[in-house]
Amino acid sequence: MKPRFPLLAKILLLVLGNLVLLAGMLALFAGLRAQQGLDSFLLGTARERIRALASSIALELDGTDEDARDAMLARYAAAYKVDLYLFDNDGPQAAGPKVNLPAEVHEHMTRGPGDGPRLGSEEPAPPPPPPTSDGEPRKKKAKKGKGKGKQPDPLSVPPFLVVAEDGRYWVGVRLPIGVKDRDSLPVRGTLFIVTGSFLTNPFYVNWPPFLAVSGVAILVTLLFWVPMVRGLTHSIAGMMRATAGIARGDFGVAVDAGRSDELGSLGASIREMAAQLEDHMHGQKRFLRDAAHELRSPIARMQVALGILEREAPAEMQTRLNDLKEEVDAMSELTRQLLTYARSDHGHEKEERRAVAVREIAERAARKEGVEAEIQVDPGLRAIAAPDALFRCLSNLLRNSQRYAGGAGPIVVSAQARDGEVDVVVSDAGPGIPESAMSRLFTPFFRVQDARDRQSGGTGLGMSIAKACAEACGGSIECANRKPKGLAVTVRLRVP
């Protein structure tokens, strides 16, 4: 019986589900880490890209007119698939599509590098310089240079991250956006890089390496699990075939003995069970053969004595003698079938299997049993079988159909070749058998009706003999009820 859901598929689905669960947990963890700011391990390389983008834009701003800044930002935005906005920290929007800054973003923008703590990787604001003796804040002296003082590079300030209420991510980068005149300080500005998500935007997260690592992990997992699971399912499949063979009476089954685990122990137990069953079956048949053989001589002497009594007994004793003769004849038939069944395993072992004409053997069996059957078999159809075993098999099937369904309609013997096999079917229009008794039909001495008298049928060995003969031909046998009524017994043989 083929399983509806193989064990290999179950285990592989379990492994795949485990990997999907791990991937989901990793994605959730990555999302939570991304919410924590630009210090996330996922965004480690993104910080360098953010600084590189800001540096490129800052350098290009030096030589770009204010009227051309929008086009310049649009070019960078299209190249990196992000939204770019440039703001003067103390004034209006300097470039980019017009946008209303969310309040939380505006708050972080106006909070300068020395105005307090910032989100993300920004360092705490440095303390203000100590006041002078008159209470005024101490002013730092500008270092002498080539005409103007040196100021800290705004690009050295770490970027900050704000998640707005609408769920968009605003990454702000401090950068100079120009000077008012030669001696003035640079105008502080903020470049905003805006996306709808971190994890799905390639500017922040470079997924190919993660996918490559995931693919390698899946491949390694499959390489680790599949051979072991395949070995398990292969062993189990072999045991299934072995037990199916034992159920058919084939006790010489082969079970893989190369395993040293529980499945190996189970295989050894199956082999031991098959050997014990074979010994038991052979012992049973040997007992039946010996008993039937020993009974034949006294039964034959009883028949001879009854023949003498029939000639010498008075007329009033003939009825009783006839009844006794019928009982002795029934005993003789039983011993004959017992011998046939007991010899069925070994009686045809030496008979050569060869290509035989199915129609010829079916016609000969019908003539021998005196059954008027419709032989619907192509004269040229041939099958591999032991001729005497196939003849005995069909004879028993025809006798069984005649006994139980002879008066209900025609008995038909048909055959056809398909898929490398020849199906020989003996069918009738009788009452069939109950489905509950179908699995026991080929069991020796089993009869559908419990009463064991001549009116209810024979000895219960006919179908068992037919099964043994079919197996002696290297084939198999099965039965099924027909619709609306009747029974069909199929003998399956190999094509030449």
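All of the numbers you see were taken from the coordinates with simple rules; none came from a lab. Everything numeric in this text was worked out from a predicted model, so none of it was measured. Cβ: placed from backbone, ideal geometry, glycine included. Neighbour counts: every protein chain shown.
Among LYS368/LYS485; LYS285/LYS325; LYS325/LYS485; LYS285/LYS368; LYS368/LYS467; LYS325/LYS483, which pairs are too far apart, with a Cα-Cα distance over 31 Å?
LYS325/LYS485; LYS325/LYS483
Let me check against my output: what whole-number percent is the relative contact order of the range 262-342, with C-alpha pairs under 8 Å and at least 6 apart?
Relative contact order here is 46 percent.
So what J values fall out for the range 319-336 if you push phi through Karplus, 6.51 cos²θ - 1.76 cosθ + 1.60 with θ = phi - 60°, rounded to Hz, Gly and Pro as x?
Using θ = phi - 60°, the values come out as 5, 5, 5, 4, 4, 5, 5, 4, 5, 5, 4, 5, 5, 5, 5, 4, 5, 4 Hz.
Mind listing the long-range amide H neighbours of GLY432? Cut-off is under 5 Å, sequence gap 5 or more, other chains count too, H placed in the peptide plane at 1.01 Å from N.
Residues meeting the criterion, in which the H sits 1.01 Å from N, are GLY486, LEU487.
In nanometres, what is the gap between the two model label sites at ALA300 and GLN318, each 7 Å from Cα along Cα-to-Cβ?
2.9 nm
So what's the net charge close to GLY420: Lys and Arg +1, Asp and Glu -1, counting the other residues with Cβ under 12 Å from its Cβ?
Charge balance near GLY420 sits at 0.
Listing TRP170, TRP207 from the residue with the fewest other Cβ atoms within 10 Å to the one with the most, what is the order? Working shown, then result.
On the way: TRP170 22, TRP207 12.
Least crowded to most crowded, the residues run TRP207, TRP170.
Would you grab the residues whose amide H sits under 5 Å from the one on ILE411? Only those 5+ places off in sequence or on another chain, please, with H modelled 1.01 Å from N.
Distant-sequence amide H within range of ILE411: GLU374.
Work out from phi, with θ = phi - 60° and the Karplus expression 6.51 cos²θ - 1.76 cosθ + 1.60, the ³J(HN,Hα) of each residue of the range 370-378, listed in order in whole Hz, and give x for Gly and Pro.
x, 9, 7, 10, 8, 9, 9, 10, 5
Per-residue HN-Hα couplings for the range 219-225, Karplus 6.51 cos²θ - 1.76 cosθ + 1.60 at θ = phi - 60°, whole Hz, x for Gly and Pro?
4, 5, 4, 5, 5, 7, 8
Arranged by the count of other C-beta atoms within 10 angstrom, fewest first, what order do ARG403, ARG492, ARG311 take?
ARG311, ARG403, ARG492
Apply the Debye scattering formula to the range 354-494, with a single equal point scatterer on each alpha-carbon and no solvent, then give log10 I(q)/I(0) at q = 0.10, 0.18 Å⁻¹.
-0.30, -1.00
Neighbouring Cβ atoms within 10 Å as the yardstick, rank THR340, THR221 fewest first.
Least crowded to most crowded, the residues run THR221, THR340.
List the residues, sorted by chain then number, that are 5 or more residues from GLY189 or on another chain and whose placed amide H is less than 5 Å from its amide H.
ASN89, LEU175, ILE177
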